[in-house]
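Heads up: the structure comes next, in structure tokens.
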Amino acid sequence: METIRINQNEQRYTIKSIQPVAEHVIRIVFAEEIPEEYGDIRVYTAGGFQCANLPGYSTVYRAEGKTVYLSDDGSIYQPPEDPGEQLPPEPYVPTLAELQASKKAEVAAACERAIYKGVSVTLTDGNTEHFSLTEHDQINLFGKQSQLAAGAEQLEYHADGQPCRYYSASDMQSIIQAAMFHVSYHTTYCNALNMWLAGCQSAEEVETIFYGADVPEEYRSEVLDAYLLQIAKMAGDSNETIS
């Protein structure tokens, strides 16, 4: 589940959902503990990546159990004195900034899933094995570099669903390089999508953005361009081998 932090506090609160419901009001559904105070809210994906920053939500607009409404303009819910005939409420139309924040969170979650999915690596014996890349996997795998630097000739590790075994230094280097490329590419690509989002001038343009979309040239960094050229070259080499 997603989590949030309030102001500069380190404590994180697990939430089921967070979304805007009016121009200055957001709704948060907490999974467990509820904060005693509010303010600047940072939203994190299940993997721990910050995906949104919502400043100024310090006022409890309304609270219903573990569902809390917050406002960033000091407003507080006032129930009607005489409801009378209730007309259906007009559907709330989120602002461009709210749409951008929501899409940024969507993109961050997709990036995290793509990274965690991992890579398949062909080893020196011709077999291909798959390696997931959760945060724990990345720390464990990239830590193998120090063993390689120390001159280790074989290193212990495991592919997905396989028991731990020894890999040669050459195979381990190939696994690490593939993993680093995979993580760095997706991180760079996600950053470019965020730059594209920041440059959007309409809700329609925001809705065209999704993880996997071709980033317009004006929002591509030189780093992303280099990765795309390298990916195209690897694909070309693969096709030549197949033919």
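Screening segment 119-171 for residues that are of a type in the set (A, V, I, L, M, F, W, C) and touching a Lys or Arg at 6+ places or on another chain (Cβ under 9 Å) and picking the one that is farthest from Thr45 (Cα to Cα) gives Ala152. Within segment 86-123, the set of residues being of a type in the set (Val, Ile, Thr), free of Cβ contacts under 8 Å to residues at least 60 places away in the same chain and part of a strand (DSSP E or B) comprises Val121, Thr122. Beta carbons closer than 7 Å, at least 6 apart along the sequence or on distinct chains, pair a first residue in segment 124-150 that is more than 19 Å from Phe49 (Cβ to Cβ) with a second that is surrounded by fewer than 15 Cβ atoms within 10 Å (Cβ to Cβ) and β-branched (Val, Ile, Thr) for Thr128/Thr122. Considered as a group, the residues in segment 211-240 that are among the small types (Gly, Ala, Ser) and open to solvent by less than 40 Å² (accessible area, probe 1.4 Å) include one that is modelled with the lowest pLDDT, and that residue is Gly236.
Count of segment 56-80 residues, restricted to those that are in contact (Cβ under 8 Å) with a residue 12 or more places away in the chain and open to solvent by 80 Å² or more (accessible area, probe 1.4 Å), is 4. The single residue among Ala179, Ala152 that is open to solvent by less than 60 Å² (accessible area, probe 1.4 Å) and assigned to a loop (DSSP other than H, G, I, E, B) turns out to be Ala152.
Give me the residue from segment 129-149 that is more than 16 Å from Ser170 (Cα to Cα) and assigned to a loop (DSSP other than H, G, I, E, B) and, out of that set, least open to solvent (accessible area, probe 1.4 Å). Among them, the one singled out is Leu133. Thr208 meets all of the listed conditions (1) among the β-branched types (Val, Ile, Thr); (2) in contact (Cβ under 8 Å) with a residue 40 or more places away in the chain; (3) open to solvent by 70 Å² or more (accessible area, probe 1.4 Å) but one, namely (2).
On inspection, Arg27 does not qualify as touching a strand residue (DSSP E or B) at 6+ places or on another chain (Cβ under 6 Å) and under 23 Å from Thr187 (Cβ atoms).
The values are calculated or read from the model by the stated rules, or taken from the named source; none is laboratory data. Being a predicted model, the structure only gives us computed values, none of them experimental. Cβ sites come from the backbone with ideal geometry, for glycine too, and all protein chains shown count toward neighbours. SASA here: full protein model, heavy atoms, side chains in, ligands and nucleic acids out. Shrake-Rupley method; radii C 1.70, N 1.55, O 1.52, S 1.80 Å.
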